[in-house]
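Shown next, in structure tokens, is the structure this report addresses.
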């Protein structure tokens with residue numbers, strides 16, 4: 001069953017998201033280069049990445065719940081406008097450099113970014129379902145309607161996934177050119193412009209969710225936690241994929257030393273490796289968008305498996321050329337894993353909890369960065385780059401095997417009666433698809449989460 005997507009609303013969301021993603025990559029690369037130029041310290045850059053992408057994980061669930069509790073319109077756009085103000089302040093700080101102040105602003109900016117991204121994913125699903133209802137969906141059988149809703153959500157989110165992967169490849173290139181020609185502050189002010197455009201395009205989106213359990217932030221968070229506890233298969237899925245993401249994140253800090261010291265590829269070689277990874281991610285996003293009927297369990301397990309194979313390829317590659325082939329495979333796996341996970345989480349979550357569960361999933365991904373970065377550094381310090389990738393490769397393959405076992409057993413579909421509702425029996429993943437979304441990246445630009 002194929003349904004036309006809600007083109008006016010979805011078109012604006014896609015345009016806003018694409019512009020914002022490009023600006024975010026420009027901002028991340030520019031700020032990372034500026035911090036290193038001011039401090040000449042890789043630790044300072046690592047602190048920036050942790051403040052911007054890992055620390056927000058502890059704050060995002062509560063912020064998402066607060067925004068959903070608000071009945072005021074424009075709250076989602078307000079998050080993007082706040083990001084614009086914070087980024088402008090970061091640009092000013094580059095002229096009057098203060099690392100502690102910069103890290104504080106980066107943490108606030110990252111918190112708003114991660115919350116906005118979570119809410120935007122939930123809104124994409126809502127818009128897709130709303131179009132379905134408006135197209136005579138009320139006359140369909142319940143099972144048919146559920147399947148059609150999952151297909152509509154998956155197509156809409158797959159479009160976001162393609163936009164992300166393309167911006168990942170082009171954004172850093174634009175950032176390098178702007179920083180080289182006009183300086184890091186100019187690149188950050190370009191990022192400010194993208195936030196303003198994005199916020200303006202999304203002014204009519206209203207992420208408010210009525211909550212039967214109460215409008216307090218604590219009650220809303222408790223409802224989301226109760227849902228996770230009520231669906232053991234969802235909890236297991238999140239835990240197994242989190243282990244896999246930790247291993248994937250651990251590869252980031254190893255890649256520079258691997259290319260420059262082990263393969264003697266220099267800065268240009270590292271650029272080729274990152275480009276190959278991005279090319280694989282773009283191809284995978286297109287494949288995912290065209291695979292509406294392919295079981296999500298296959299896509300998810302294949303993505304993790306490809307990442308494990310890529311790390312083993314790094315460990316065994318005798319040359320930069322073969323390492324780039326492995327990077328292409330890893331990028332493709334990256335492009336399948338995360339969107340498949342998002343799809344399955346949405347499928348296992350009732351509509352009124354979509355925003356909070358997206359926030360929880362994004363936060364879990366951010367926490368894996370905080371664990372993965374030091375793990376990768378420790379593995380290299382205790383062994384070598386090849387041994388480190390060998391360990392990560394086998395570990396990731398074991399995670400892929402665990403995911404296969406979990407998903408073959410079947411996952412429980414979400415019921416809409418409330419967070420405590422349970423399905424009477426498991427539904428195999430082959431039964432109906434869901435939705436999707438972003439990718440991760442190697443090296444300085446960490447695998448996941450992305451700089452929203």
Where residues in region 205-223 are surrounded by 20 or more Cβ atoms within 10 Å (Cβ to Cβ) and outside any loop (DSSP other than H, G, I, E, B), which of them is modelled with the highest pLDDT? 223
Quick check on this structure: which one of 319, 285, 233 is touching a strand residue (DSSP E or B) at 6+ places or on another chain (Cβ under 7 Å) and in contact (Cβ under 8 Å) with a residue 24 or more places away in the chain? 233
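Considering only region 363-401, how many residues are within 15 Å of residue 237 (Cβ to Cβ) and under 20 Å from the mean Cα position of the chain (by Cα)?
Selection size over region 363-401: 5.
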Checking the structure you have, find out if any residue of region 5-16 is within 21 Å of the chain's Cα centre (by Cα), closer than 29 Å to residue 155 by Cβ, assigned to a helix (DSSP H, G or I) and free of Cβ contacts under 8 Å to residues at least 40 places away in the same chain. yes
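The values are calculated or read from the model by the stated rules, or taken from the named source; none is laboratory data. Source: prediction; values computed, not measured. All Cβ positions, glycine included, derive from the backbone under ideal geometry; neighbour counts span all protein chains shown.
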